[in-house]
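Please treat every number below as a calculation from the coordinates, not as lab data. These numbers were taken from a predicted model, which means no experiment stands behind them.
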Amino acid sequence: GVWLAQVVQPGFVVEVLLEALLVWVAVGAVLSFFRQAFSQPGGFKLWLADASYPIYLSHHFFVILFAGLLLSSSLAAPVKFALVLGLTSLFSAAFAQLARNVGVLHWLYLGRPMPRAAVEAAPVRPVITPTQDAEVRPGTD
């Protein structure tokens, strides 16, 4: 009855179609942004790929911690949500960075040993050809 009468109104159908179009345009814009932002090599993309699992594992702890601390607060629910979201994101990212830099945590959360430091690697000497050597030290033939 009432629903059918509402659907028959031409303004309602146009409104629903425009809303659906707006949703699809918004989804396309978000997908386009992420395709553009993450299709080029860069440090943040590599860090995010490496940090995703430690962030996933640690965020549960931080959500419960911060939500529990704010439970008895008189703040409005959207403010509590924003605080829990922001603090959890910050602390989870910090924990992921800590897991990347501490040997035992690196092994536990990333599943592989830490790479050797650059100072432990064997020094690489530049290859100098005899003609370059003569150019560097003229008159020492």
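Extension gain, Asn101 to Phe44: 0.36 nm times the residue separation minus the Cα-Cα distance gives 18.9 nm.
Taking square-rooted eigenvalues a ≥ b ≥ c of the alpha carbon gyration tensor, is segment 25-71 rounded, prolate or oblate, where a/c under 1.5 means rounded and, failing that, a/b exceeding b/c means prolate? In terms of gyration-tensor shape, oblate.
At 0.36 nm per residue, and after removing the present C-alpha to C-alpha distance, how many nm does the segment from Val30 to Val79 gain when stretched out fully?
Values: separation 49, 0.36 × 49 = 17.64 nm, distance 2.50 nm.
Working it through step by step, the gained length comes to 15.1 nm.
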